[in-house]
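Q: Questions regarding the structure given below will be posed in turn.
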Amino acid sequence: MANAAHSRQEPAAAAGVLALEREAHGLADRLPEILVDAQRIAQTVAHGLHGRRRAGPGETFWQFRQFQSSDTLRQIDWRRSASSDHLYVREREWEAAHTVWLWPDLSPSMNFRSHLAPTTKRDRALLLTLATAELLVRGGERVAMLGLTAPSASRKATTRMAEAILAHEGAEMLQVTQPPKVHLARFSGAILVGDFLDPIEKTREHIETLAADGAVGHLVVVVDPAEETLPYEGRTEFLSPTGSQRWVADRAQSLRAEYQHRLEAHRAELVALTRRLGWSFIVHHTDHSPAEPLLSLIMRLQGGVADPRWQVAASDATSQAEVHR
C-alpha cells in the first residue's frame, strides 16, 4: 500500500514541478517587458517632480545663499562674495540616503485577471514595485526587496531586483501572501504592494512587526475591478487561486450586496490599521494607469507637497500608458 501511494504521489509531484517550470518561463518572458515599462513610467513621472535635494551635510555643491547671522565666517565663499555687495555662503546638498524596503505580493492569488482588466494583479504589483525602486534610486535613496536583495543605491538596483525575483521563482518566499516578519530600522521605509485579502489578524501581525521600531510604511492595495463590483450574473463557478477548490453559485448577482459590504468592512480595517501606525494607504485598480499610484506614492515620500507640474506628469504618464496597452 505504501509503494502504491508513493507511486501515485510521484506523478503529482512531477506535474507540480512542470507547472512551476512553465510559470518560471512565463515570468522570464514577461520580466524584460515589465522592467522596460517600469523604467519608462518612472522616467515620465520623474520629469514632473521636484527633486529630493535639500541643504545639509555632504560634499556636493548645491547653491549659493546670502550670509546669515547664524552662519560662521568659515562658511563664507569669498570668491563669490567678491563679485557682489553681499556675503554669500556655499551650501552643500544633504546626502544622507535612507533605505526603502519594497515587497510585491507574487503569490498565486495575484494571478487573477478578469475580463475588465488588461493585466494580472501580479504583473501590476511587480511593475509598481520596480518603477518605484527606479524613481527612488534616481532620487538618491537606497532600495532593497524584503527577503531577497541587500540595500543598494546603484542605478542597476532595479534590474538586480528583477533578476533576484527570476532566480527565486518557485521559492516559498515568493509564494506567500504577506511580507516577511522582520524589524526595520526606525528611519527606514517600507512599500508593500499586494491585494491583502487575508484575514485582518494575519495582515496586522505582519505589518505591526515591520513597524515595531518606527519604520514608516505605505500600503498599496492592488485590486481587479471585478473583485469590487462582482459583475457576474446567473450560474457562476468560482475557483480558488490554485484551482483545488471550487464553488458554484446559482445566482451570482444575489451575492453582490453582501459581498461588497464585507469587502468594504475589510478595507476599513486595513485603513484603520495603517492610520494607527502612521502609514499611508492607496487603492489601485488594474484597469487604471500605473502612473496614478506611483505619483501618489512619490508625493507621500516627498512629504505630500502638491505641485501643479505633478498633474502634468500624471496626464503624460496616463496617456503613454494608454498608448502602450
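No lab work stands behind these numbers, since they all come straight from the coordinates. Bear in mind the structure is a predicted one, so any value in this text is a computation, not a measurement. Methodologically, a virtual Cβ is constructed for each residue, glycine included, from the backbone with ideal geometry; neighbour enumeration extends over all protein chains shown.
Q: Let me check the size of region 187-255 from its C-alpha atoms; what are the radius of gyration and Dmax in Å?
A: Just the Cα atoms of region 187-255 yield Rg and Dmax of 17.0, 52 Å.
Q: For PHE64, PHE112, which order do you get if you count the other beta carbons within 10 Å of each Cβ and list the fewest first? Write out the running numbers ahead of the final one.
A: Working: PHE64 14, PHE112 18.
In increasing order of surrounding Cβ atoms, one gets PHE64, PHE112.
Q: Which of the peptides 285-292, 183-190, 252-259 is most tightly packed, and how do the rest follow, judged by the mean count of other Cβ atoms within 10 Å per residue?
A: Working: 285-292: 19.6, 183-190: 16.0, 252-259: 13.2.
Descending mean neighbour count gives 285-292, 183-190, 252-259.
Q: Applying the Karplus parametrisation 6.51 cos²θ - 1.76 cosθ + 1.60 with θ = phi - 60° to the phi angles of region 237-244, what ³J(HN,Hα) value in whole Hz is obtained for each residue in order, glycine and proline being reported as x?
A: So the Karplus estimates, Gly and Pro as x, are 9, 10, 10, 6, x, 8, x, 7 Hz.
Q: How would MET173, MET299, MET161 line up from fewest to most surrounding beta-carbon atoms within 10 angstrom? The partial results should precede the final answer.
A: Details: MET173 12, MET299 16, MET161 25.
Ascending Cβ contact count within 10 Å gives the list MET173, MET299, MET161.
Q: Now a separate question. Would you please put 145-155, 232-242 in order of how densely packed they are, using the mean number of other Cβ atoms within 10 angstrom per residue and starting with the highest? Intermediate results must be reported in sequence, preceding the final value.
A: Numbers: 145-155: 15.5, 232-242: 11.7.
Put in order of decreasing packing, that is 145-155, 232-242.
Q: Provide TRP103, TRP247 in ascending order of the number of other Cβ atoms located within 10 Å of each residue's Cβ, fewest first.
A: On the way: TRP103 23, TRP247 9.
Least to most surrounded, the residues fall as TRP247, TRP103.
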